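Input: a single structure, listed below in structure tokens.
The values are calculated or read from the model by the stated rules, or taken from the named source; none is laboratory data. Note that this is a predicted model, so its numbers are computed, not measured. Cβ placement follows ideal geometry from the backbone for every residue including glycine, while neighbour counts extend to all protein chains displayed. Note: areas computed on protein heavy atoms with side chains; ligands, DNA, RNA excluded. Shrake-Rupley method; radii C 1.70, N 1.55, O 1.52, S 1.80 Å.
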Amino acid sequence: MIITKRLLPFAVLLCALLWGSAFPGIKAIYATWTEADVAPTLSNRLLLAGVRFSIAGIALLIISNHPFRQLAGTPKLPLFAFACAQTFVQYILFYWGLAVSSAVLGSLLIASGSFWWLLLAPLLLRTPWPRRAQWLLLGLGAAGVMLAVSRPGAGSGDPVFGAVLFCTSTLSGAFGLIVLQKVCKTMGARAATGFSLLTGGLMLCLAGIAAWPDFLTIFPPKVIGLTLYLCLVSAAGFSIWNHLTQLFPVNLLAGYRFLIPVCAVFLSSFLVPGESPGRGIFLGGTMVITAIIGLQRHHPTTNNR
């Protein structure tokens, strides 16, 4: 499928809506468990995440170009490290954060991945350190996060602990992106993401082994439907984005990254019962997004997710 530059904003918006809808989707599963007296224990959350990402990984590998041929010529240690950072560790923290805090807060804090990338890249990829203007923008973004956490709005749960989990989750994801730079020397991004989701998903399933006996209770028909939708979100979102990276330069795509937290906050606010963004989310979110846009203009090589 050929996507012209004129259609690019709509394609990126579709990715942002898909990824943003994952927040209310996961919260809907937690609400279904509450109605059925199923506690959202760590094991239950790990099994849910594992099933979701395993299926999404298989779907991506099916539509990849000779993934196992690419696997044969790819060093296994970097690929395994990518799976651990991008899927296993990141989503243990992410699902935990959604269990203790609000989807609205988590939607905003996924933007912290841009800040981590800017700080980690000089250490691990030998890129230039941030300039003075970039440090000021990083400070603006950090201030926005603190403001959002201080006044997150209704249904926020434990915003401080949730913020720690969400920001640590994006730190793991940023580290995974750095490892991906080595993996993509011998493997396409779509196949690498597929193997990452499948490997990390199986690891999550194994980590949630205590929940296996209750599989049918954890996955009633409604949860199965929501999980399959979340699989579609992961597979379709990554597939579209990876296709865009083959058509357009990364610095052009990076300019649209701010759409992701905007869409995520919007969808979480309107689709998650009992949650509404407070003044801190609006003001802090504006500061974070302003910082992201400014950082992208000063750092055109910033990557996504």
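Are there any trypsin sites (Lys or Arg not before Pro) in segment 29-127 that are in a DSSP loop and have at most 10 other Cβ atoms within 10 Å? List them by number. Provide the component values of the computation, followed by the final result.
On the way: sites: 45, 52, 69, 76, 126; in loops: 126.
Counting only loop positions with at most 10 other Cβ atoms within 10 Å, the trypsin sites (Lys or Arg not before Pro) in segment 29-127 are 126.
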Legend entry - If the convex hull is drawn through the Cα atoms of segment 155-228, its volume per residue in Å³: 142
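Taking the solvent-accessible surface of protein heavy atoms with a 1.4 Å probe, what is the per residue accessible area of segment 21-132 in Å²? Write down the numbers at each step before the final one.
Values: 4590 Å² over 112 residues.
Each residue of segment 21-132 exposes 41 Å² on average to a 1.4 Å probe.
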Legend entry - Whole-Hz couplings from phi, Karplus 6.51/-1.76/1.60, listed for segment 86-97; x for Gly and Pro: 6, 10, 5, 5, 4, 8, 4, 5, 5, 5, 5, x
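Over all alpha-carbon pairs in segment 7-79, figure out the percentage whose distance exceeds 20 Å. Numbers along the way, then the final one.
Numbers: 1461 of 2628 pairs.
It works out to 56 percent of all Cα pairs.
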Legend entry - Other-chain or far-sequence residues with amide H under 5 Å of residue 101's (modelled H): 158
Legend entry - Where chymotrypsin sites (Phe, Trp or Tyr not before Pro) fall in DSSP loop in segment 10-89, at most 14 other Cβ within 10 Å: none
Inset, instruction - Along each of the three principal axes of the Cα atoms of segment 34-163, give the extent in whole Å, ordering the values from largest to smallest. - result: 52, 50, 22
Inset, instruction - Please report, largest first and rounded to whole Å, the three semi-axes of the ellipsoid equivalent to segment 172-211, where each semi-axis is the square root of five times an eigenvalue of the C-alpha gyration tensor. - result: 24, 12, 6
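What does the charge count near residue 121 come to, summing +1 for each Lys or Arg and -1 for each Asp or Glu among other residues with Cβ under 14 Å from its Cβ?
Values: positive: 126, 131, 182; negative: none.
Cβ neighbours under 14 Å give a net charge of +3.
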Inset, instruction - Roll a 1.4 angstrom probe over the protein heavy atoms and tell me the percent of accessible area of segment 1-142 that is carbon or sulfur. - result: 72
